[in-house]
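Heads up: the structure comes next, in structure tokens.
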Amino acid sequence: MINQFVMIGFGAVAYGLLEIFNKEGTFLDCNFTIIEPKDKSDELNKLFANRPKGYTFIQKEITPRNCSRLLNICDENTFIVNLSVNVDSIMVLKQARRHKSNYVDTSLEMYENHIQPKIAIEDITEYKQFEKNNLYHQNEMAFKAMKGSRKTRVISCGMNPFLVNQFAKRALRFYGESKGVDVDEMDGDYAKAGWELGLKRILITEYDTQKFKTKSNKQLFVNDWSARGLESEALDLVMMSLNPSDMKKYGKKYNLIKPTEGDRTTSIRFLPVRGMDMMEQATILDYEGNPFRYRGYLIPHAETITLSQFFHYKPPRSTLKKQSPSIYYIYRMCDEAIRALDFIRENDYKPLPFEHVVMGNEIKSGWDSVGVLLEFKDLERLADKKINRVWAGTVLSIDDTRAMGFESGPTVIQVVSSVNACIHYEIDFSGKGLNNAETIPHKYIFERTEKYLGKVYMKML
């Protein structure tokens, strides 16, 4: 039975998670320990004002030197919630195993070397030049560290990665039903179903329209979720899963770098260009459910890896190699974040000195649309080269979150709804080992998240 939460990092996502705990009246009999380098007394006092148990605040940065000591308070009844964007997740995950504790994080990341790269991005030609500083490596390390451990733990469980992966499963089932294909009759083999349905691409789409009172400048990165997190992702190399035709397309222009660890047949490739410097087009839905085209940045995200693994399939013809659909994230972030990225370029790709995450009345208006766009070859009309598309996702506005009584904005609530669901999954189901999104039933997750997601759409386009 969980009687203690240890929260690593207390930024906007941690604040939003406690807002959901308070709204649901959950974990009231648990002790909370918050480990965070910045003074968060005002926020914590507000959030814990009506909870029967208080909290312990440790104002420290968690590092390799003090991690073991700080987490010695953990045991088998502890839930470690790692919501920091600049702490080595593998380091904390190993401590969770040592103490037999539960564990979640929003994204399995470690930001260490990207600020002062040892080699210019455009000069990178081999995987070993950035092997220790990418999400693919982190995912491999997580499963190696947890090998043989049956305690249920979940990694990369934010909105994306995680909840969009569940939308991908739901969208494939939806499209399959329209074609008379039942995934359950294939024993839940989504990879086989995707192949038989002609799945070509899974585009992770996000378009954020939120407007703020506070503006970014050359010294200040303003965002509606972690500024440091977005900076770090935007500065990393583009990462894509590529189907055979897209492999040829992008290979004509870029040196595609294949990982040299993990599955040798992986469709994951890295491009020697920063995520903030490469854009692609996609289709997404607005608040009223109307589709529109947009251009966004190819920000590297963990769902590219896990969805690629999940949909990796060996076609029955012996001449075809094991392959995945093309999968990548196309992010049109809020206006102030885009302005801040321009200032980072002017600053020789170095993070800005200060950050500010907006909340409450600082957000004037807007919504955040996040979901997946699945593209299928029409196998019945190949001569027409027709492509069928399905979009599934959530569009949540600031008015929606205020109506629910949250200070947090749409982007944060979309993230923490997923984290909250994963926490309950771990408590409800023991002995499931380490999980990414795809190994957790999507119906369980949506039962606990949908009430926080505003308008949820699933449409053929």
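Within 10 Å of each residue's Cβ, count the other Cβ atoms and sort ASP348, ASP263 from fewest upward.
ASP348, ASP263
Rounded if a/c is under 1.5, else prolate if a/b beats b/c, else oblate: with a ≥ b ≥ c from the C-alpha gyration tensor eigenvalues square-rooted, which is the stretch 301-357? Walk me through the numbers on the way to the answer.
On the way: a/c = 4.13, a/b = 3.45, b/c = 1.20.
The shape class here is prolate.
Does anything in the stretch 263-292 have its amide N under 18 Å from the 7 Å Cα→Cβ label point of GLU140, and if so which residues?
Output list for this probe position: 263-272.
Would you work out if the chain is rounded, prolate or oblate? Take a ≥ b ≥ c from the square roots of the eigenvalues of the alpha-carbon gyration tensor; rounded if a/c is under 1.5, else prolate when a/b is larger than b/c, oblate otherwise. Before the final figure, lay out each step's value.
Working: a/c = 1.37, a/b = 1.33, b/c = 1.03.
Note, shape of the chain comes out rounded.
Percent relative contact order of the stretch 4-154, based on C-alpha pairs within less than 8 angstrom and at least six residues apart?
Averaging sequence separation for qualifying contacts and normalising by length gives 22 percent for the stretch 4-154.
All other residues with a Cβ under 11 Å from the Cβ of PRO37 taken together, and with Lys, Arg as +1 and Asp, Glu as -1, what is their net charge?
Net charge in that neighbourhood comes out at 0.
Evaluate the distance, in nm, between pseudo-label points positioned 7 Å from the Cα of ILE119 and of ILE73 along their respective Cα→Cβ axes.
Taking the two extended label points, one gets 4.3 nm.
Could you tell me which of rounded, prolate or oblate describes the stretch 353-429, using a ≥ b ≥ c as the square roots of the eigenvalues of the alpha-carbon gyration tensor, with rounded for a/c under 1.5 and, failing that, prolate when a/b is larger than b/c and oblate otherwise?
Judged from the Cα gyration tensor, the stretch 353-429 comes out prolate (a/c at least 1.5, a/b above b/c).
Which trypsin sites (Lys or Arg not before Pro) in the stretch 253-289 pass both tests, a DSSP loop state and at most 16 other beta-carbon atoms within 10 Å? Show your work: numbers first, answer last.
Working: sites: LYS253, ARG264, ARG269, ARG274; in loops: LYS253, ARG264.
When the trypsin sites (Lys or Arg not before Pro) of the stretch 253-289 are filtered for loop state and at most 16 Cβ neighbours within 10 Å, LYS253, ARG264 remain.
Just need the relative contact order of the chain here, percent rounded to a whole number, with Cα pairs under 8 Å and 6+ apart. Working shown, then result.
On the way: 985 pairs, mean separation 96.2, N = 461.
Relative contact order, the chain: 21 percent.
If a cysteine in the chain has no other Cys Cβ under 4.7 Å from its own Cβ, put it on the list, ordered by number.
CYS30, CYS67, CYS74, CYS334
What number, rounded to the nearest 500 deg cm²/dmol, is the helix-based mean residue ellipticity at 222 nm of the chain, given -39500 (n - 2.57) per DSSP H run of at least four residues and division by all its residues?
Taking each H run of at least 4 residues, the total per residue is -9000 deg cm²/dmol.
Using Cα positions and a limit of under 22 Å, work out the lysines in reach of LYS350, with same-chain residues fewer than 8 apart set aside.
Once the sequence-local lysines are set aside, what remains near LYS350 is LYS38, LYS118, LYS132, LYS215, LYS218.
Two-decimal Rg/Rh of the stretch 1-92 from alpha-carbon positions, Kirkwood Rh?
Dividing the radius of gyration by the Kirkwood radius yields 0.94.
Could you give the dipole magnitude of the stretch 150-273 about its Cα centre, charging the beta-carbon of Lys and Arg +1 and that of Asp and Glu -1, in debye to the nearest 20?
540
Between the alpha-carbon centers of the stretch 305-364 and the stretch 1-74, tell me the distance in whole angstrom.
After rounding, the separation between the Cα centres reads 28 Å.
Write down the percent of antiparallel bridges among all DSSP beta bridges whose residues are both part of the chain, to the nearest 5.
Here the share of antiparallel DSSP bridges comes out near 60 percent.
Over the stretch 316-461, what is the mean sequence separation of C-alpha contacts under 8 Å (at least six apart), divided by residue count, expressed as relative contact order in percent?
Reported relative contact order: 23 percent.
Would you mind computing, in nm to one decimal, how far apart the modelled labels at GLU362 and LYS128 are, each placed 7 Å from Cα along Cα→Cβ?
Distance between the two pseudo-spin positions: 4.5 nm.
Given 10 Å bins starting at zero, what is the percent of C-alpha pairs of the stretch 4-154 in each, up to the one with the largest pair distance?
The percentages, shortest bin first, are 10, 37, 32, 15, 5, 1.
Rounded to the nearest 0.05, what FRET efficiency do THR56 and LYS377 give with R0 = 56 Å and r taken as the Cβ-Cβ distance? Could you check?
0.50
Taken together, the values in this text are just the output of simple stated rules run on the coordinates, not laboratory data. Computed from a prediction, not measured in an experiment: that's the story for all the values here. Virtual Cβ from ideal backbone geometry, glycine too; neighbours counted across all protein chains shown.
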